[in-house]
Amino acid sequence: QVQLVESGGGLVQPGGSLRLSCAASGSIFSAYAMGWYRQLPGKQRERVSLIGSDGRTTYADSVKGRFTISRDNAKNTVHLQMNSLKPEDTAVYYCNRVALTFWSWGQGTQVTVSS
């Protein structure tokens, strides 16, 4: 069973930046596309970005041009660099694989964008 641990969230002013990290246990990490997801208050979890096992990336329109996803298969980590943050980016952020089924969700990391 893969365990996921997210970190790097915090409180930031509008226009600021944060870099989220996700550490995954297990040796099968590199075989999967990985995604960053977020859950806004009162809303369903949504995927904001994914990175394939080949490094191909996609982004939700709401974050395109502001967020950058990357991965380090040797370290079993995936990162999300978030720039030009907006109050509407406030959410709990999670990582998980992109597949028909998910691994168990981690605790997530809270991102709050507020002045």
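The values are calculated or read from the model by the stated rules, or taken from the named source; none is laboratory data. Only a predicted model underlies this, so the values are computations on that prediction, with no experimental measurement involved. Glycine also receives a Cβ, built like all others from the backbone with ideal geometry; neighbour counts cover every protein chain displayed. Accessible surface is based on the protein model in full, side chains and every heavy atom, while ligands, DNA and RNA are left aside. Shrake-Rupley method; radii C 1.70, N 1.55, O 1.52, S 1.80 Å.
Odds and ends about this structure:
- Entry note, region 49-115: relative contact order of 23 percent, from Cα contacts under 8 Å with a spacing of 6+ residues.
- Charged neighbours of Val12, selected by a Cβ distance under 15 Å, balance to +2 (K, R count +1; D, E count -1).
- Lys86 exposes around 80 Å² of accessible area when a 1.4 Å probe is run over every protein chain in place.
- Net charge of Cβ neighbours under 14 Å - reference Ser21; Lys, Arg +1; Asp, Glu -1: +1
- Sorting Asp61, Asp89 by accessible area puts them as Asp61, Asp89; the probe is 1.4 Å, largest comes first, and only protein heavy atoms count.
- The lysines within cross-link reach of Lys64, meaning a Cα-to-Cα straight distance under 21 Å and a gap of 8 or more places when in the same chain, are Lys43, Lys86.
- For Ser7, the solvent-accessible surface computed with a 1.4 Å probe is close to 60 Å², ligands and nucleic acids excluded.
- Each eigenvalue of the Cα gyration tensor of region 18-115, multiplied by 5 and square-rooted, gives one semi-axis; in descending order these are 22, 14, 12 Å.
- With R₀ fixed at 25 Å, the C-beta to C-beta distance from Gln107 to Lys43 puts the FRET efficiency at about 0.85.
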